[in-house]
Amino acid sequence: MVRLKTRYLLCEVNVTDRTSLLQLDDRAVSAAVKDAVARIHGDYGAALCSIRFQVIYLNTHTGIVFLRFPKSHYKLLWSALPFITSIETRWQKIPCFLNCLHVGGTIRTCQKFLIRYNTHQLHRMLPKCKSEEEKQQVRKAILNCTLTKEKDSFEDLSQSEEEDE
């Protein structure tokens, strides 16, 4: 049996109004990405998106998205991401853009990068805190950024990756 290799793109959805992130769903993100790939790469890109493209995970609170694409053609998806200017969901257009944070071969490598990225973001927030209470909350969040805690929240993702292979 031949193993089908994939690439996982860890992306961040950036919007001006953070409350509009709660309106997103994986079908809307998938449709926006497929539309952008079809616009940029034509029928060839649209055909590749219809084969093995999938939105693996979407966190509407943080705006983190995991996208899966075949390894041989993931650069098509990557090159089309800057052309996404809005996502249409529930009869509303949400102006946004996708920022690709990491490209990995497994979900686990993307998870490890996401933990490092979140820790780095918390360290950047620490000097901007105004009160001592805020600083203590950020320090506590930094100490809680461990792989064991994140492993539990992403356990279902790893299981779905094994089922796909």
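Which count do you get for residues in region 88-101 that are more than 21 Å from Arg39 (Cβ to Cβ) and either surrounded by 18 or more Cβ atoms within 10 Å (Cβ to Cβ) or without any contact (Cβ under 8 Å) to a residue 24 or more places away in the chain (or both)?
Matching residues across region 88-101 total 1.
Pairs under 7 Å by beta carbon, first residue over 22 Å from His73 (Cβ atoms) in region 1-22, partner open to solvent by less than 90 Å² (accessible area, probe 1.4 Å) and in a helix (DSSP H, G or I), six or more apart or different chains?
Pairs that qualify, where the first residue is over 22 Å from His73 (Cβ atoms) and the partner is open to solvent by less than 90 Å² (accessible area, probe 1.4 Å) and in a helix (DSSP H, G or I), are Val13/Leu21; Val15/Leu21.
Those residues that are among the small types (Gly, Ala, Ser) and open to solvent by less than 10 Å² (accessible area, probe 1.4 Å), I need them from region 63-87; list them, please.
Gly63, Ala80
Is it the case that some residue within region 51-59 is within 23 Å of Gln121 (Cα to Cα), open to solvent by 30 Å² or more (accessible area, probe 1.4 Å), under 16 Å from the mean Cα position of the chain (by Cα) and in contact (Cβ under 8 Å) with a residue 12 or more places away in the chain?
yes
Name every residue in region 1-39 that is assigned to a helix (DSSP H, G or I) and open to solvent by 70 Å² or more (accessible area, probe 1.4 Å), in order of residue number.
Passing the criteria: Arg18, Thr19, Leu22, Asp26, Arg27, Lys34, Asp35, Arg39.
The values are calculated or read from the model by the stated rules, or taken from the named source; none is laboratory data. Since the structure is predicted, the reported quantities are computational estimates derived from the model, not experimental observations. For neighbour counting, all protein chains shown are included, and Cβ atoms are generated from backbone atoms with ideal geometry for every residue, glycine included. Surface accessibility is based on the protein's heavy atoms, side chains included, excluding ligands, DNA and RNA. Shrake-Rupley method; radii C 1.70, N 1.55, O 1.52, S 1.80 Å.
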